[in-house]
Amino acid sequence: MRVGFLSPCIENDFGESCGHAPPAFTIKRLEEPFELLLAKFLLSWEAQNWQEKQTANLHQTFFCRPSPEEAQLWSEAFDELLASKYGLAAFRAFLKSEFCEENIEFWLACEDFKKTKSPQKLSSKAKKIYTDFIEKEAPKEINIDFQTKTLIAQNIQEATSGCFTTAQKRVYSLMENNSYPRFLESEFYQDLCKKPQITTEPHAT
C-alpha cells in the first residue's frame, strides 16, 4: 500500500499483489503535526477494515477531504461529527494535539464493547476498559466521579453491554460541551469550511 497526501484527498492505493495480511503503510513526511495525527487515525481505521475491503474486491480507497458543505454539517450536531469517518479522525487528532484524547478513546471503546455478543469477550473487554480508563491511576484515566467508578467496578464482575453506559454518557457530554466547541473554533476546521476561491484570467485585448 502506498499512502500519499494528495490534496484534497488522502489516497490509499492497494497493489494487485495484496496477500492475506494487511499491507504495510508508508507515510510521507508532512508539514503539520496535526495532519500527521489525522493520517494516523485515518490509516488506523483503514487497517481495521482491510479484510472487509478485500472481500468487497476494492483496489482503491480514498479518504477525501470533505467539501465545505459536508464540514459545515459537523457544526449542526456533535453526532454529525462522530458519524463522519473523516470528522471523527479529525476530532481525535484535535484531542490528541490537546493531550486529552482519553475521552474519545474511551467513548470508542464503549461503542465497540456494546457491539460484542460473546459473554467471554464481553468480560475480557470490560476488564480491559476498566484497567485502561477507569481504575485509579489508569494509563488513560477519564474524569468521572467516585460513585460511578465504584458502580462500574461492581458491574464488570458480571459484565453486560450496559456496564459503562453512565460513564460513556458523562464523557460524551463532557466532549460535547467542551472539546467539540473548541474543535469548531480551530483553524483546521475553519479551513475545511472555507469555499475555494475561483480566480478568472483576464481576457486579452
Would you point out which residue out of 143, 103 is surrounded by 10 or more Cβ atoms within 10 Å (Cβ to Cβ), in contact (Cβ under 8 Å) with a residue 24 or more places away in the chain and in a loop (DSSP other than H, G, I, E, B)? 143
Residues located in segment 128-140, provided they are closer than 25 Å to residue 38 by Cα and in a helix (DSSP H, G or I): 129, 132, 133
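Modelled with pLDDT under 95 and either surrounded by 15 or more Cβ atoms within 10 Å (Cβ to Cβ) or not in a loop (DSSP other than H, G, I, E, B) (or both): which single residue out of 168, 157 fits that description?
Working: 168 fails: modelled with pLDDT under 95.
The conditions single out 157.
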Looking at segment 173-195, which of its residues are touching a residue at least 12 places away in the same chain (Cβ under 8 Å) and open to solvent by 50 Å² or more (accessible area, probe 1.4 Å)? 174, 176, 182, 194, 195
Residue in segment 115-127 that is buried (at least 18 other Cβ atoms within 10 Å of the Cβ) and in a loop (DSSP other than H, G, I, E, B) present: no
In segment 74-120, anything modelled with pLDDT under 90 and of a type in the set (A, V, I, L, M) is listed as none
Residue 151 versus (1) open to solvent by 60 Å² or more (accessible area, probe 1.4 Å); (2) assigned to a loop (DSSP other than H, G, I, E, B); (3) of a type in the set (A, V, I, L, M): which is the lone unmet condition? (2)
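The values are calculated or read from the model by the stated rules, or taken from the named source; none is laboratory data. Remember, it's a predicted structure, so these values are computed and weren't measured experimentally. Here the Cβ is made from the backbone with ideal geometry for all residues, glycine too, and neighbour counts use every protein chain on show. Protein only, heavy atoms only, side chains kept; ligands, DNA and RNA dropped before computing areas. Shrake-Rupley method; radii C 1.70, N 1.55, O 1.52, S 1.80 Å.
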